[in-house]
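The next block holds one structure in the form of structure tokens; read it before the comments.
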């Protein structure tokens, strides 16, 4: 059973890393190809996502599942920021009472697919995927101690 659990942890680690890579390239596509200038909250989300590409990538190569605790914390913070940012865009009360966010307003949405999919929601999905994978790995590690 231990070998199956190890393989599962490696798969979860890879999924978390893949989510971070897709999120990073997605944000770069929006800013560098489509020329959407990120707001301050977008930058905070990037600050939390981009290092996870490297950290989780190294963990995948080294098969080091102990990184899950740290990626769980980073992704939880990132998810909170993304949820707040998404709320600013979609909840009228939040949007009406939002403080100024800099040159680019955090209430603006460059994309609005299907009436609800915005860039902060895409980031939130990536952070949640990373968090769930990291939490599952961490639970398995804690179970073996």
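Read-outs throughout are calculated quantities, based only on the coordinates presented, and are distinct from any laboratory measurement. Keep in mind that what you see is a predicted model, and the values were worked out from it rather than measured.
Points worth noting:
- Adding -39500 (n - 2.57) for every DSSP H run of four residues or longer, then dividing by how many residues the chain holds, sets the calculated 222 nm ellipticity at -25000 deg cm²/dmol.
- For the chain, average projected area of the Cα convex hull in nm²: 9.6
- Relative contact order (%) - criterion: Cα under 8 Å, at least six apart; region: region 2-144: 37
- Shape of region 1-82, Cα gyration tensor, a/c cut at 1.5: prolate
- Span from the region 48-101 Cα centroid across to the region 24-44 one, whole angstrom: 15
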